[in-house]
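Peer 1: Quick one: structure below, then a few questions.
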Amino acid sequence: KKKKEIEINDGTIIELEKKLEEANRKKVNLSESLILCTKRTQQLQNEVDECCKVLEECRPIIKELNKTIRTLTHSVEPWKKFLMKEIFLFGKKMNFVVHLESYIWKIG
């Protein structure tokens, strides 16, 4: 194999130095971006940890609320039936009154 000889002159060296500077600038920018990303990731992790903590604190409260809702629903059911019956009977009475009024008007 023949080795290629590269002609090195001042122009080539200056060009290589410029490319090296640009590469170093990009490296610094990437490093700064990585640092910012790492900080933001840590902030997000802290927020997630805080949310998990709050959720854990809420679990017993939610459980207790569910129990209370079940109890209330159970105790409301008989009243609901009673009220529905009363409304039905009231409707029948009102129907009778309307018929009575109309009958009185016919007579009168």
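The values are calculated or read from the model by the stated rules, or taken from the named source; none is laboratory data. Note that this is a predicted model, so its numbers are computed, not measured. Cβ placement follows ideal geometry from the backbone for every residue including glycine, while neighbour counts extend to all protein chains displayed. We work out accessible area using only protein heavy atoms, side chains counted, and drop any ligands, DNA or RNA first. Shrake-Rupley method; radii C 1.70, N 1.55, O 1.52, S 1.80 Å.
Peer 1: At 1.4 Å probe radius, can you tell me the per residue accessible area of the chain in Å²? Let's see the in-between values first.
Peer 2: Values: 11170 Å² over 108 residues.
Result: 103 Å² per residue.
Peer 1: Roughly how many debye, to the nearest 20, is the charge dipole of the stretch 63-108 about its Cα centre, given +1 on each Lys and Arg Cβ, -1 on each Asp and Glu Cβ, and no other charges?
Peer 2: Values: 9 positive and 4 negative charges, 39 e Å.
Using only the charged Cβ atoms, the result is roughly 180 debye.
Peer 1: Measure nothing but the geometry: give the 0 to 90° angle between the long axis through the Cα atoms of 10-107 and the longest principal axis through the Cα atoms of the chain, rounded to 10°.
Peer 2: 0
Peer 1: Grab the other residues whose beta carbon is less than 14 angstrom from that of L65, score K and R as +1, D and E as -1, and report the net. Walk me through the numbers before you get to the answer.
Peer 2: Details: positive: R59, K63, K67, R70; negative: E57, E64.
It works out to a net charge of +2.
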